[in-house]
Structure formats: structure tokens, C-alpha cells
1. Of Leu301, Ala223, Tyr282, which is farthest on the positive side of the dipole of segment 182-301, counting Cα position, with +1 on Lys and Arg Cβ, -1 on Asp and Glu Cβ, and the Cα centre as origin?
2. With the other protein chains left in place, how much accessible area per residue, in square angstrom, belongs to segment 259-317 at a 1.4 angstrom probe?
3. Find the relative contact order for the chain and round it to a whole percent, using C-alpha pairs within less than 8 Å whose residues are 6+ positions apart.
4. Order the peptides 89-102, 242-255, 191-204 from the highest to the lowest mean number of other Cβ atoms within 10 Å of their residues.
5. Leaving out ligands and nucleic acids, and using a 1.4 Å probe, what accessible area per residue does segment 139-198 come to in Å²?
6. Gaussian network model of the chain, Cα springs within a sub-10 Å range: biggest mean-square fluctuation belongs to which of Ala163, Ala175, Ala124?
7. Let me have the 222 nm mean residue ellipticity of the chain computed from DSSP H runs of 4+ only, each contributing -39500 (n - 2.57), with the sum over all residues rounded to the nearest 500.
8. With a Cα-only, solvent-free Debye model of the chain, what are the log10 I(q)/I(0) values at q = 0.09, 0.11, 0.14, 0.15 Å⁻¹?
Amino acid sequence: MNRPASPSSARIGADAAVLKAPLMTTMLTSDLPLPRIGRGKVRDIYAIGDDRVLLLTTDRISAFDVVMAETIPMKGAVLTQISAWWFAQLDGLVPHHMISADADAIIREVPALQGHRASLAGRAMLCRRTTVFPIECVIRGYLSGSAWKEYAAEGTLAGEKLAPGLKESGKLEPAIFSPATKAETGHDENITIARMREVLSGEVASTLESMARSVYTLGEKIAREQGIIIADTKFEFGRDNDGRVILIDEVMTPDSSRFWAADVYTPGRPQPSFDKQPLRDYLDAERRAGRWNGDAPPPPLPASVVDATSKRYLEAYRRVTGADLKIA
Ligand SMILES: Nc1ncnc2c1ncn2[C@@H]1O[C@H](COP(=O)(O)OP(=O)(O)OP(=O)(O)O)[C@@H](O)[C@H]1O
Ligand SMILES: [Mg+2]
């Protein structure tokens, strides 16, 4: 259902001036006249025949593994259009799934979507359909999060020894490839590369690692020049109907990556999240005050937190791509 934000959620009127897209609605869930084959925490996935999918990124947001009740205006469009921008940079470097992230082009390709333009604008991506490899390909260029915790306790990452004396949030050179299984529920589990080779075959495992490394190397460099450190990121790959291994899903977005502001980066401590920090700070405060136990349902978000978060996502788009996000 594509609906205007409810009063407890983001206020469309207040955001319109900032977002330069007064006709955009925010979206919690979609309802398109196509077979829906999946619904993740953030995306709804529709089949278009047996060789294409439509990925529709809603404005849902999760923090601490809990999906919030409110929507974040423009978040879906930011995620889709950052991915689209990266896919365009990757043309010629790695094969990928994007066919189009332009609503009018998508409607031309899929006439059943006529009359649903407002639900598609900015947030929809028409993609080659694949059989997804059940492995999350994580690349870590900086030591943070669960990787830092394991290193601080054991000196290892996914069981493999790292050099001594590394700092929290410090740069890892070279970046570390650390695969994880795609868990249906709960947390993804880190696995060794040996285990990945058993699951996928050695040849596919090597292809995925080298594709993930080349995409991250390019992305980290471009983003850093624009003031964003992509500390780590997660890629997914699949095999298309022609048997090709291709990059799928979202690419180097704030949701699939840790984005840090380069100008306040200070190794030796945790870094603020470029996009989710206002939300995390609010939830932390609610938890400390005893008003939230950390599980669903989450506490309602004040409009100021929703607004600050929306602005962060738009700023992430602007920094990465060098232009304001405009959704016609
Ligand atoms: N080209 C593609 N072909 C088939 N499936 C795809 C393709 N691109 C992405 N997908 C799948 O679409 C889904 C995207 O949904 P979403 O990102 O919301 O959920 P998730 O990845 O399961 O969970 P989360 O991202 O919250 O950890 C993923 O399961 C992904 O594997
Ligand atoms: Mg996902």
C-alpha cells in the first residue's frame, strides 16, 4: 500500500520543501499488480516473468534489528538511486543486475505497472533475475563492529589471525573478505573462506571474492574523495538465466555498509554512523530511560528524529554522487 505518512509518522508537508518532491508519498509496504516473491526488512520483490525482478525499496528503517513503525521520507529512493549510481560506475568492471531505475523506462518495459508511477518513482529497480548464492560477501576496509569485538577478544576475524596492535576503526590493509551465511532469521553467521568454498565450489567462491574486492576498492576510493568512508560493506551475487555470475541486490548504500563522515574519523574508538546516528541515539536514550526493552515493538519516533534521518540519507546520496537527489 502506497500511503501518505500517518500523523505518527513523517509529515509530508514539512518535508516537501526540503525534498523538492512534494508529490512523493512515503511507503511502508507496496502493493503492485505483479506476483510478489519476497519481502525483506526493507525491500518488496516482484517477479516479472522468469528472467526479471522488480526490487521496490520502501521507506522502512530498522535499527538494532528492529523495524521501526515510521517511514523515513526519501529513504527508499536514496537507497535505490545510490545503488543505481554505483551500478552505472561499475559498467565494464563487473556484470550486474540493473536494467533500469527510471520509473518511466520501467513502465515501458512492464505495461502492467501503468497507473502505479507514484509507487515506483525513485525507489523501483528493474533487474535481471538470478538464483541468489546463499552467502553474504562482506568486505571490511576498517575494523569495526562485530569484527572489532572478535579481534579485541581473540586477535582473530572469523577465526583467522590478524596482525597484533590494530586499533578499533583502524584501516585494514588489504581489506579483509569475510563471508557470512545468509540467515533466514536472526543474525548472519561469519564463516571461513574454506567453508564458503565447500558451499559454493572453489571456483565460484574465488569469483565472488575477486568481484567483491574490485567493487569495494573502487567504491571506497570514490566515496572517500567525497567525504564518506565506506568502512565495510556487504555484497550479494547470483547466477542469471544465462549462467553468468552477477552482482545483485543493493550496492554500497548506507543500509548495506557502514558509512562514516571522513572529516570526523578518529581511529581508536567507535565512529558515529553517518546515516543512523540520530535514530540510534534516540533509541539508546529510550532504552536507558527504561521506556524500551530493545525488542519489537519499538517506541514511536518523534518527527525531529524522522526528519534528521531523512536528511542524513539525502546527504549520503549527495556526497556519494556529487549531486542532489531529484525524483521527477
Ligand atoms: N537480481 C536478483 N535476483 C533475485 N533475488 C534478488 C536479486 N537482487 C536482490 N535479490 C534478493 O532480494 C532481497 C532484497 O530484500 P531485502 O534487502 O529487503 O531483504 P534481506 O536482504 O533479506 O534482508 P536485509 O537486507 O534486511 O538483511 C534479498 O533477499 C536479495 O537476495
Ligand atoms: Mg538486503
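1. Sorting the options by dipole projection puts first Tyr282.
2. Details: 2880 Å² over 59 residues.
Counting only protein heavy atoms, the per-residue value for segment 259-317 is 49 Å².
3. 20 percent
4. So the order, starting with the most tightly packed, is 242-255, 89-102, 191-204.
5. So segment 139-198 comes to 57 Å² accessible per residue, rounded to a whole number.
6. Answer for the Gaussian network model of the chain: Ala163.
7. After summing the helix terms and dividing by the residues of the chain, the value is -10000 deg cm²/dmol.
8. Listed by q, the Debye log ratios stand at -0.47, -0.72, -1.20, -1.38.
The values are calculated or read from the model by the stated rules, or taken from the named source; none is laboratory data. Please read all numbers here as calculations on a predicted model, not as lab measurements. Positions of Cβ are generated from backbone atoms using ideal geometry, with glycine treated the same way; all protein chains shown enter the neighbour counts. Heads up: the accessible areas ignore ligands, DNA and RNA and are worked out on the full protein's heavy atoms, side chains in. Shrake-Rupley method; radii C 1.70, N 1.55, O 1.52, S 1.80 Å.
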